[in-house]
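Below: the structure, in structure tokens.
The values are calculated or read from the model by the stated rules, or taken from the named source; none is laboratory data. All values reported here derive from a predicted model rather than from experimental measurement. Cβ coordinates were reconstructed from backbone atoms using ideal geometry, including for glycine residues, and neighbour counts include every protein chain displayed. These area figures cover heavy atoms from the full protein model, side chains too; ligands, DNA and RNA do not enter into them. Shrake-Rupley method; radii C 1.70, N 1.55, O 1.52, S 1.80 Å.
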Amino acid sequence: MTPTEFFKKLTGRYLWGNIFAMCIFVVMLVVAAQIGLNYYTHHGESIAVPNLRNIPIENAINVAEELDLVIVVSDTGYIKTVAPGTVLEQIPAAGTFVKSGRTIYLTINAINTPTVTLPDIIDNSSYREAIAKLRAKGFKIGEPQYIPGEKDWVYGVLLNGRSVVSGQRLPIEATLTIQVGNGQRDASDSIYVTDLPHDEYEDVSLYGDDFEGSESGTENDKKVEASESEGHTSTGSSAPQNGDDFEVVE
């Protein structure tokens, strides 16, 4: 191919027509992609997030659906002065501009009263220590119930008149009654005496096995006395009653 022919093809309509068509196709492709991306990402749209705090979760869901927003409960808290199911926190915050379909994360007040594990205080701590541990857990404490036992020692815990055990989960709003020793011994308690003086041992022995021995000794004494009296009687009866039996010596 001569240079003249190459130059004619380079400046011909066919080549430039193809180049022009390719440029138009690329431009149309870019415009279509931009339109599709804007539609997919809701470009230019903005929705102000409503204030959902301090309203019931049901109302919050209705408000969000009207604005094409999605509600997700991500956490629960507990405030005893707030009604159960009330919205406590929200993310994003109220007034933030978002696009439709955005997820709003909520923290609501617990519907059921939380439960807490009863600490190990039964027969393991004094009354003062038990109060400190229970209050640290958030329990309410009523008037103590005094029972026979070591003074100020915890012997049990009652909930609504029923005994509970350590490790049991109880409502945090429950009022507990602590059973505390009053320092008096129960009548059924056993008493063990050790290191008695010698004279006290002798007194105690009167009520033990030695007492039986003393009874048997008394019976033996009675038998001896009876035998002696019989001996005296038999001796008197053996005396000669006929005068001929005596020999008189002058």
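Structure above, values below:
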{"read-out": "Virtual spin-label span in nm between residue 46 and residue 74, 7 Å along Cα→Cβ", "value": "2.3 nm"}
{"read-out": "R0 of 30 Å, Cβ-Cβ distance residue 35-residue 103: FRET efficiency to nearest 0.05", "value": "0.70"}
{"read-out": "Other-chain or far-sequence residues with amide H under 5 Å of residue 141's (modelled H)", "value": "176"}
{"read-out": "Fraction of accessible area attributable to carbon and sulfur, the range 109-178 (%, probe 1.4 Å)", "value": "48 percent"}
{"read-out": "Mean Cβ neighbour count within 10 Å, used as a protection proxy, ranking 118-127, 80-89 highest first", "value": "118-127, 80-89"}
{"read-out": "Estimated FRET transfer efficiency (residue 67, residue 113; beta-carbon r; R0 35 Å; 0.05)", "value": "0.60"}
{"read-out": "Pairwise centroid distance, computed over Cα atoms, of the range 137-170 with the range 78-100, Å", "value": "38 Å"}
{"read-out": "The range 73-195: relative contact order in percent, alpha carbon pairs under 8 Å with at least 6 residues between", "value": "25 percent"}
{"read-out": "Sorted peptide list for 172-184, 132-144, criterion being average Cβ within 10 angstrom, highest first", "value": "172-184, 132-144"}
{"read-out": "Gain in span if fully extended, residue 155 to residue 129, counting 0.36 nm per residue against the direct Cα distance", "value": "8.1 nm"}
{"read-out": "For q = 0.17, 0.19, 0.21 Å⁻¹, Debye-computed log10 I/I(0) when each Cα of the range 31-142 counts as one equal scatterer", "value": "-0.84, -0.94, -1.04"}
